[in-house]
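Notes for the one structure printed next.
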Amino acid sequence: MKLSPDDIEIRPYRPGDEQRILETFNRCFSDVDPNFEPRTLESWRWQYLKNPSGWRIMLALAPDGAVVSQYAGVGQRVAIGDRRVSFSQAVDSMTDPAYRRGLKAPGFFVLTGRPYAELYGGRGEGQDLVMWGLPVPSAWRIGAKYLDYELVCNVNRLELDAERFGQVAAPGGVHIEPFEAFDEGFDDLFEGWREGRAAIQVRDAAHLRWRYDACPTQTYTRLRAVRDGATVGYLVVRPGAFDHLDGLLLCDHLTAHGDEEALLALLHAAVELARAGGHERILGMLPDAIPEYLTLQRAGFRVRTTSYFLVGRPYGRRYDMRWLYENWYYTLGDTDLV
Amino acid sequence: MGEIEIRQYEPRDQAALLETFNLVFAEDSEHARPRTVDEWAWAYERNPAGQRIFLGLDGERVVSHYAAWPLRAEVQDFETHFLQIADIFVHPEYRWRKGEQNLFLKTGLAYFAAFGSQWEDVVHFGMPNKRHFQLGKMHEGMGYDLIRPHGMLGRGSAGPLEMPAEVELLERFDEQVQWLYERCSGAWGASTIRDATYLNWRLVDHPTREYKRLGVRDSEGVLRGLAVVRRVPQIDPNLLTVIEWLVPPEEPEVGELLQRGLLSLAGEPGVHGLVAMFPDWSPWFEQFQAWGWLVHTSPYFMVGRSYRKSVDIQWLRRHWHYQFSDLDWV
């Protein structure tokens, strides 16, 4: 179908658009993924409207109201020291295949991406200081040319093969407890655990409940590390695939900066779960500039390359991509991959 | 200050070039010491692949410099040059002159206009400092792109260890090194051609740097693998840096011997450990971890600019094999 830019309306999401967004989403992604399961309205609402850090959605609509294209993001509240700022992860960018050839370069991806960046990115109140994502190569090429995407790094995975499960020793002094849901206590725990970390998504109760307790499509296992009766760290895992490899996924974990004992106790518990579940490997993702990257390697994890690369778009010279690379704590759970 | 002339280097510029060079590099590095004529000639006149130098001149005074070491490279199915950008500078009195285009950019743009080519000089690369990278990135004409921030493999010394009997110290490289390169490079999409001429220039005949070259041969004397190390002050004077590692991944037993050779050298007094660098897709990146090396973050990042569509930055990220020996400062 041919449309000229004059035929389409570009605007942010409005309540009521979700059904048309989902129709296009399910058509676009079923085209490229044979294992695709249609996204439900509940799942969409969870990802965007219920996210305590907010949604960012820019749409291109045909005259009949059909969603031709979307550029969207999942908000993240991020602690940079005592400051609270916003980042967002770009997700679910799409253009209805029926319209892909209907517009000359640079196409709908850019047509929605530019006003998206203008509206949601910046140094103003509520705007995203950093937009980032894990694009497919074609989106990266267009994004680098038209939307100021910059490479942060290639994404490596941390992988513990079953043959090295035995290397992860359980340290004494910390015991592990499974738990059913994150509670308000994690607000204060996060404040303590973020000390020493230059930039980290706020992992308070609101975030953790939304991300892991309320997710309608995945079931996560939560473990807490306890020392002398006090919670000193948590780990969230689930079975799944990362970069086409099946295993037990280390979705998220946080301890106090430098509390290697708590982290190792959590990893040891993950090994027990992996063994019980018959998994061939444990998979995680961490930035290489944080001490945990070495802790996991010393515990037997190997660093291996993936097909993913992390890109970003900074708003403010201080927080450029190099800064992000050197300072940002993230895990698989910060992405929409798990 | 008069009109600045930007042009290619000519032999008559050598003395003035060295004078400014030593003035500039003495400024910002504790490891800097004056570069001698011999060292300069080694880098720019004796490089078997030639020279690429652009200068800014105020009269006879050299006020800016944008240069590269050409390296013969094999990429996909043809031979070309990869240019390692080195020794970029602007004379302190000529920086940030109001109302004028920055001399770094002016000289760099002239360099790229002259030497960027999809046939002869396909890829220009380097590990710049953060300031040069930002400047290069800010100006579209410079075309700097990040290939990857670089993790480094590292490990501590294991104490005194004997050098394996199968490992020998190599004095010079002969034609066998090219056979070895050809056995290794089949899996690489792009790499510097490692023949005797290049490696003797790069790792044997340097006027001041002393490299230790280890080799393993088979019973008929054929070179099966080599490793070259040196203490690099900019990385850590107490670490041995693996400058070159050329071993076919299908011969892990050769790698094992050479790694033990490296550990033996690292067991010498005053050496605290070893550091090495591989693209993360290299089988040796995995194997070194299996030997107990860990991947550490580093301040280094590889940037490049490609003049050939089929050899773009994304392709280089996945297919270009390089080592520290491809970089001038090690």
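The values are calculated or read from the model by the stated rules, or taken from the named source; none is laboratory data. Bear in mind that the values here come from a model prediction, so they are computed numbers and not experimental data. Counting neighbours? That spans all protein chains shown, and the Cβs are built from the backbone with ideal geometry, glycine included.
Residue-by-condition table, conditions (1) under 20 Å from the mean Cα position of the chain (by Cα); (2) farther than 21 Å from B:Val303 by Cβ:
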site	(1), (2)
A:Pro135	yes, no
A:Ala144	no, no
A:Asp148	no, no
A:Leu160	no, yes
A:Gln167	no, yes
A:Phe179	no, yes
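Taken together, the residues in the range A:34-52 that are without any contact (Cβ under 8 Å) to a residue 12 or more places away in the chain and among the acidic types (Asp, Glu) amount to 1.
Checking B:Pro283, B:Pro299, B:Pro279 one by one, the residue that is within 14 Å of another protein chain (Cβ to nearest Cβ) and buried (at least 18 other Cβ atoms within 10 Å of the Cβ) is B:Pro279 and no other. Applying the criterion of at least 1 residues that are at pLDDT below 95 and among the aliphatic types (A, V, I, L, M) to the helices (runs of 4 or more DSSP H) found wholly in the range B:116-221 leaves B:130-138. The listed residues are A:Tyr234, A:Tyr212, and the only one of them that is hydroxyl-bearing (Ser, Thr, Tyr), buried (at least 19 other Cβ atoms within 10 Å of the Cβ) and not in a strand (DSSP E or B) turns out to be A:Tyr212. Filtered by the rule that a residue be part of a loop (DSSP other than H, G, I, E, B) and either away from chain A (no Cβ under 13 Å) or over 17 Å from A:Ala144 (Cα atoms) (or both), the range B:309-325 gives B:His321, B:Tyr322, B:Gln323. Filtering the range B:155-182 to residues that are more than 14 Å from chain A (Cβ to nearest Cβ), small (Gly, Ala, Ser), in contact (Cβ under 8 Å) with a residue 60 or more places away in the chain and out of contact with any Leu (no Cβ under 7 Å at 6 or more places or on another chain) leaves B:Ser157, B:Gly159.
Within the range B:280-308, which residues are assigned to a helix (DSSP H, G or I) and in contact (Cβ under 8 Å) with a residue 12 or more places away in the chain? Step through it out loud before you land on a result.
Taking the range B:280-308 as the starting set, the residues that turn out to be assigned to a helix (DSSP H, G or I) are B:283-290.
B:Pro283, B:Trp284, B:Phe285, B:Gln287, B:Phe288, B:Gln289, listed by residue number.
Among the residues of the range B:266-276, those that are farther than 20 Å from B:Ser185 by Cβ, out of contact with any Lys or Arg (no Cβ under 6 Å at 6 or more places or on another chain) and buried (at least 18 other Cβ atoms within 10 Å of the Cβ) comprise B:Ala266, B:Val275.
Scan A:Gln201, A:Gln127 and give me the residue that is of a type in the set (S, T, N, Q), touching a residue at least 40 places away in the same chain (Cβ under 8 Å) and under 16 Å from A:Asp252 (Cα atoms).
Working: A:Gln127 fails: under 16 Å from A:Asp252 (Cα atoms).
Checking each option against the conditions leaves just A:Gln201.
Scan the range B:58-81 for residues that are surrounded by fewer than 20 Cβ atoms within 10 Å (Cβ to Cβ), touching a Ser or Thr at 6+ places or on another chain (Cβ under 9 Å) and farther than 23 Å from B:Thr197 by Cβ and the total you get is 1.
Can you work out which of the residues in the range A:115-174 that are of a type in the set (Ser, Thr, Tyr) and more than 24 Å from A:Tyr329 (Cα to Cα) is modelled with the lowest pLDDT?
Of all residues in the range A:115-174, those of a type in the set (Ser, Thr, Tyr) come to A:116, A:120, A:138, A:146, A:149.
Those left that are additionally more than 24 Å from A:Tyr329 (Cα to Cα): A:116, A:138, A:146.
Numbers: A:Tyr116: 96, A:Ser138: 83, A:Tyr146: 87.
Per the criteria, the residue is A:Ser138.
B:Val242 meets each of the listed conditions (1) within 14 Å of chain A (Cβ to nearest Cβ); (2) part of a strand (DSSP E or B) apart from (1). For residues that are in a strand (DSSP E or B) and among the β-branched types (Val, Ile, Thr), scanning just the range A:154-176, find the one that is nearest to A:Gly107 (Cα to Cα). Going through the qualifying residues, I end up with A:Val155. Only strands (runs of 3 or more DSSP E) whose full extent lies in the range A:1-113 are considered here, and the ones with at least 2 residues that are in contact with a Phe, Trp or Tyr (Cβ under 7 Å, 6 or more places away or on another chain) are A:55-61, A:67-80, A:83-95.
Among residues that are of a type in the set (S, T, N, Q), modelled with pLDDT under 90 and out of contact with any helix residue (DSSP H, G or I) (no Cβ under 9 Å at 6 or more places or on another chain), B:Asn22 is included. A count restricted to the range A:137-153 and to residues that are of a type outside the set (Val, Ile, Thr) and in a helix (DSSP H, G or I) stands at 9. The residue list A:Glu191, A:Glu163 contains one member that is of a type in the set (Asp, Glu) and more than 14 Å from every other protein chain (Cβ to nearest Cβ), which is A:Glu191.
In the set A:Leu296, A:Leu332, which member is in contact (Cβ under 8 Å) with a residue 60 or more places away in the chain, more than 30 Å from A:Gly122 (Cβ to Cβ) and of a type outside the set (Val, Ile, Thr)? Spell out the reasoning first.
Values: A:Leu332 fails: more than 30 Å from A:Gly122 (Cβ to Cβ).
The match here is A:Leu296.
Filtered by the rule that a residue be buried (at least 17 other Cβ atoms within 10 Å of the Cβ) and at the interface with chain B (Cβ under 9 Å from one of its Cβ atoms), the range A:125-160 gives A:Trp140, A:Ala144, A:Glu150, A:Leu151, A:Val152, A:Cys153, A:Asn154, A:Asn156.
Please go through the range A:263-282 and give me each residue that is part of a helix (DSSP H, G or I) and more than 24 Å from the chain's Cα centre (by Cα), ordered by number. Step through it out loud before you land on a result.
Going through the range A:263-282, the residues part of a helix (DSSP H, G or I) turn out to be A:263-276.
Of everything in the range A:263-282, those that are part of a helix (DSSP H, G or I) and more than 24 Å from the chain's Cα centre (by Cα) turn out to be A:Ala265, A:His268, A:Glu272, A:Arg275, A:Ala276.
The residue of the range B:120-154 that is farthest from A:Tyr325 (Cα to Cα), among those that are touching a residue at least 60 places away in the same chain (Cβ under 8 Å) and more than 14 Å from chain A (Cβ to nearest Cβ), is B:Asp121. Name the residue that is nearest to the other protein chains (Cβ to nearest Cβ), counting only residues in the range A:283-305 that are in a helix (DSSP H, G or I) and farther than 16 Å from A:Arg197 by Cβ. In this case the residue turns out to be A:Gln297.
Within the range B:286-295, how many residues are aromatic (Phe, Trp, Tyr) and either touching a Lys or Arg at 6+ places or on another chain (Cβ under 6 Å) or away from chain A (no Cβ under 13 Å) (or both)? Can you show your working first?
Going through the range B:286-295, the residues aromatic (Phe, Trp, Tyr) turn out to be B:288, B:291, B:293.
Add one more test, that the residue is either touching a Lys or Arg at 6+ places or on another chain (Cβ under 6 Å) or away from chain A (no Cβ under 13 Å) (or both), and what stays is B:293.
Residues flagged as aromatic (Phe, Trp, Tyr) and either touching a Lys or Arg at 6+ places or on another chain (Cβ under 6 Å) or away from chain A (no Cβ under 13 Å) (or both) within the range B:286-295 amount to 1.
Within the range A:309-327, if we keep just the residues that are away from every other protein chain (no Cβ under 12 Å) and aromatic (Phe, Trp, Tyr), the residue that is farthest from A:Pro287 (Cα to Cα) turns out to be A:Tyr315.
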